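Chemist: A single structure is presented below for examination.
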Amino acid sequence: MHTVENKYNTIKVHEQRGVCYLQIYRPESANSINGTLIEEMMTVLHLLEKDPTIKVVVLEGLPDNFCTGMDFTAISNGMTDAIAADDPNGFYEMLKWFSLCPQVIISKVEGRVNAGGIGLIAASDIVIADKKAIFSLSEALFGLLPACVMPFLIRRIGYQKAQWMTLTTQSLTAEQAYQINLIDELTTNVNDMLRRNLLRLQRLDTDTIKNLKDYMSRLWIINQDTQQLAVDKISALVCTEKVQTNIKNFVQNGKFPWDK
């Protein structure tokens with residue numbers, strides 16, 4: 001058994017034939033993101049960095065929820081840093097790591113993807129989605145912005161479509177997501193499509209993967225200034241009284257800000 005296959009609280013991990021399968025597992029919270037999840041995922045990714053036998057990381061969620069974004073329950077309970085517990089850079093750092101690590105990151109998507117979950121797939125190298133999957137950016141409904149998601153989302157789907165998703169906050173079908181390049185491959189059998197991809201990707205070596213990612217990162221401006229802007233923006237918004245009230249009312253009463 002490899003060292004990454006430890007017991008975690010928010011993820012399940014196993015390795016098979018040069019592939020690490022990393023499952024987000026928070027069924028009690030609709031697979032939302034909290035500080036523990038980020039910490040545990042980064043622990044695994046850092047361990048894999050030192051293992052050249054692992055060529056691919058398959059990120060997956062639950063059948064109904066791939067990932068639904070930040071844990072609003074944590075905010076409603078008074079935790080003002082909703083992104084990454086004690087480290088406001090945590091979520092952004094994880095997305096950046098996806099785009100720079102020496103493994104191919106494949107998001108295998110089933111169910112609902114919302115808010116920060118969009119960030120996970122936007123930062124992934126390959127996204128394979130089931131035709132019944134649903135995608136949305138809901139932050140603006142609560143007075144927030146997908147600040148940390150946006151640099152990676154723009155890189156994947158373009159400036160205008162990223163702004164459009166943010167402003168409309170509407171849910172997209174998998175077909176619509178495919179049309180705007182949010183996902184790469186659309187299928188009724190995600191496991192079979194994943195298997196086909198793995199047959200090719202397992203022939204690569206980690207140095208080649210890393211070299212490609214380093215090169216691609218130089219073609220797209222995601223630098224320290226971008227990160228600071230994103231983290232400062234989301235941190236400031238989360239702490240406002242309006243956003244805090246909107247989120248607490250939603251968690252405690254199931255009401256959106258416009259509901260009376």
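The values are calculated or read from the model by the stated rules, or taken from the named source; none is laboratory data. On a predicted model such as this, the values are computed, not experimentally measured, just so you know. When we count neighbours, we look across all protein chains shown, and the Cβ atoms used for this are built from the backbone with ideal geometry, even at glycine.
Residues are listed down the side, and each one gets a yes or a no for (1) within 16 Å of Ile180 (Cα to Cα); (2) acidic (Asp, Glu):
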site: Glu110; (1), (2): no, yes
site: Val113; (1), (2): yes, no
site: Ile121; (1), (2): yes, no
site: Ile134; (1), (2): yes, no
site: Pro146; (1), (2): no, no
site: Ile154; (1), (2): yes, no
site: Ala162; (1), (2): yes, no
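Chemist: Check region 31-46 and report whether any residue there is within 20 Å of Ile128 (Cβ to Cβ), assigned to a strand (DSSP E or B) and touching a Cys at 6+ places or on another chain (Cβ under 6 Å).
Modeler: No, that holds for no residue.
Chemist: Tally time: how many residues in region 34-55 are touching a Phe, Trp or Tyr at 6+ places or on another chain (Cβ under 7 Å) and β-branched (Val, Ile, Thr)?
Modeler: So the answer is 1.
Chemist: Return the total of residues in region 4-30 being over 15 Å from Gly61 (Cβ atoms) and not in a loop (DSSP other than H, G, I, E, B).
Modeler: Total meeting the criteria: 5.
Chemist: Related question: How many of the residues in region 106-133 are in contact with a Lys or Arg (Cβ under 6 Å, 6 or more places away or on another chain) and farther than 16 Å from Tyr92 by Cα?
Modeler: Residues flagged as in contact with a Lys or Arg (Cβ under 6 Å, 6 or more places away or on another chain) and farther than 16 Å from Tyr92 by Cα within region 106-133 amount to 1.
Chemist: Something else now. Within region 47-56, restricting attention to residues that are hydrophobic (A, V, I, L, M, F, W, C) and in a helix (DSSP H, G or I), which residue is nearest to Tyr8 (Cα to Cα)?
Modeler: Out of the qualifying residues, it is Leu47.
Chemist: Still on this structure: Take the residues in region 199-243 that are part of a loop (DSSP other than H, G, I, E, B), of a type outside the set (S, T, N, Q) and more than 20 Å from the chain's Cα centre (by Cα), then tell me which one is nearest to Ile157 (Cα to Cα).
Modeler: Leu219
Chemist: Looking only at region 231-258, filter to residues that are charged (D, E, K, R) and touching a helix residue (DSSP H, G or I) at 6+ places or on another chain (Cβ under 8 Å); which one of those is farthest from Val149 (Cα to Cα)?
Modeler: Lys255
To keep it simple, each residue is scored yes or no on (1) in contact with a Lys or Arg (Cβ under 8 Å, 6 or more places away or on another chain); (2) at pLDDT below 90; (3) among the acidic types (Asp, Glu).
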position	(1), (2), (3)
Ser171	no, no, no
Val190	yes, no, no
Arg200	no, no, no
Asn223	no, yes, no
Lys233	no, no, no
Asn253	no, yes, no
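Chemist: Quick one: which of Leu186, Leu212, Leu204 is in contact with a strand residue (DSSP E or B) (Cβ under 9 Å, 6 or more places away or on another chain), under 19 Å from Gln103 (Cα atoms) and either in contact (Cβ under 8 Å) with a residue 40 or more places away in the chain or surrounded by 14 or more Cβ atoms within 10 Å (Cβ to Cβ) (or both)?
Modeler: Leu204 is the lone residue from the list that is in contact with a strand residue (DSSP E or B) (Cβ under 9 Å, 6 or more places away or on another chain), under 19 Å from Gln103 (Cα atoms) and either in contact (Cβ under 8 Å) with a residue 40 or more places away in the chain or surrounded by 14 or more Cβ atoms within 10 Å (Cβ to Cβ) (or both).
Conditions (1) in contact with a Gly (Cβ under 6 Å, 6 or more places away or on another chain); (2) within 16 Å of Met70 (Cβ to Cβ), marked per residue:
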position	(1), (2)
Asn6	no, no
Asn9	no, no
Glu15	no, no
Cys20	no, no
Ile24	yes, yes
Asn34	no, yes
Val44	no, no
Leu48	no, no
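Chemist: Among the residues of region 82-103, are any of a type in the set (Gly, Ala, Ser), modelled with pLDDT of 95 or more and farther than 21 Å from Arg218 by Cα?
Modeler: Within region 82-103 (the criterion being of a type in the set (Gly, Ala, Ser), modelled with pLDDT of 95 or more and farther than 21 Å from Arg218 by Cα), the answer is no, since none of the residues qualifies.
Chemist: Let me ask something else. For region 89-111, name all the residues that are part of a strand (DSSP E or B) and within 12 Å of the chain's Cα centre (by Cα).
Modeler: Ile105, Ile106, Ser107, Lys108, Val109
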